[in-house]
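Worksheet for the structure shown next.
The values are calculated or read from the model by the stated rules, or taken from the named source; none is laboratory data. In this text, all values refer to a predicted model and were calculated from it rather than measured experimentally. We place every Cβ from the backbone using ideal geometry, glycine too, and count neighbours over all the protein chains shown.
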Amino acid sequence: MVYNQAMRDLGRSGLGGVLLLLVFAGLAHGHGVAGRDAAFLQQSAGAQVGPFFYLGAKHMVTGYDHLAFLFGVIFFLYKMRDVAIYVTCFAVGHSVTLLAGVLSGAQVNAHIVDAIIGLSVVYKAFDNLDGFRTLFGAQPNTQAAVLLFGLFHGLGLATKLQEFQLAADGLIANMISFNLGVEAGQLAALSIILIVMTQWRRTAGFFRHAGLANVILMIIGFLLMGYQLTGYFTERTL
């Protein structure tokens, strides 16, 4: 099976240890809003279109969980039409919950949302490995799944902003600008991913290592889930 071969390749390559180091380093730094960006959000008042656009783009470009999911989504998409359809599903999903989450003030637990975002990475890697057909004999509607997980990704963005007392003055304009920045950052990151993927697909080793790449992606998703669930249960015991 593709999965078993990929696991053997993972063990022989020694990538497991490197993967753990890279992922936990990323988790330690996180991709929340901090430093000067946090100070700006705390003090901002009125419409700040440019800065919020920049913050949205920056958050998406540095959001390893969002990028990991997008990497999985486009992994086996060869036509730009298909890429556009799936990316649009994702964009619609996260735009709806980002705007609704912040503007409505609805509170959700950030750890649970981020754990589901980690699950989205696991799902897409498992799907790329043809796990659903192999184990269950059925294939989920992938476009619907990308839209659904897009809703959680947007909610994850909203929870980061809900950590701050954003001024009501200019909030709608600022959130629209932030969302447009997220879209711009997504397009920029996606362009780089597509360039790299296109070059990789032209090599003889692409299909030989595709399974391994998705096993690594699945492990990243599980690590993200575990990290967030640990944070959730730690909070509950304090």
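Within region 183-238, the set of residues being assigned to a helix (DSSP H, G or I) and small (Gly, Ala, Ser) comprises 184, 185, 188, 189, 191, 210, 211, 213, 221, 226, 231. Being basic (Lys, Arg), closer than 21 Å to residue 215 by Cβ and outside any loop (DSSP other than H, G, I, E, B): is that true of residue 160 here? In short, no.
Within region 40-63, the set of residues being under 30 Å from residue 223 (Cβ atoms) and either at pLDDT 85 or above or among the hydrophobic types (A, V, I, L, M, F, W, C) (or both) comprises 41, 54, 55, 56, 57, 58, 60, 61.
Filter region 110-143 down to residues that are surrounded by fewer than 19 Cβ atoms within 10 Å (Cβ to Cβ), farther than 22 Å from residue 158 by Cα and of a type in the set (A, V, I, L, M), then give me how many there are. Within region 110-143, residues that are surrounded by fewer than 19 Cβ atoms within 10 Å (Cβ to Cβ), farther than 22 Å from residue 158 by Cα and of a type in the set (A, V, I, L, M) number 2.
Within this structure, residue 85 passes the test of being surrounded by fewer than 20 Cβ atoms within 10 Å (Cβ to Cβ) and closer than 30 Å to residue 211 by Cβ. Taking the condition at pLDDT 90 or above, crowded, with 16+ Cβ neighbours inside 10 Å and of a type in the set (A, V, I, L, M), does residue 219 pass? So residue 219 fits the description; yes. Would you confirm whether any residue within region 169-176 is at pLDDT 90 or above, in contact with a helix residue (DSSP H, G or I) (Cβ under 6 Å, 6 or more places away or on another chain), closer than 29 Å to residue 51 by Cα and of a type in the set (S, T, N, Q)? For region 169-176, residues at pLDDT 90 or above, in contact with a helix residue (DSSP H, G or I) (Cβ under 6 Å, 6 or more places away or on another chain), closer than 29 Å to residue 51 by Cα and of a type in the set (S, T, N, Q): absent. Within region 38-47, the residues that satisfy the criterion of being touching a residue at least 60 places away in the same chain (Cβ under 8 Å) and over 16 Å from residue 99 (Cβ atoms) are 38, 41, 42, 44, 45, 46.
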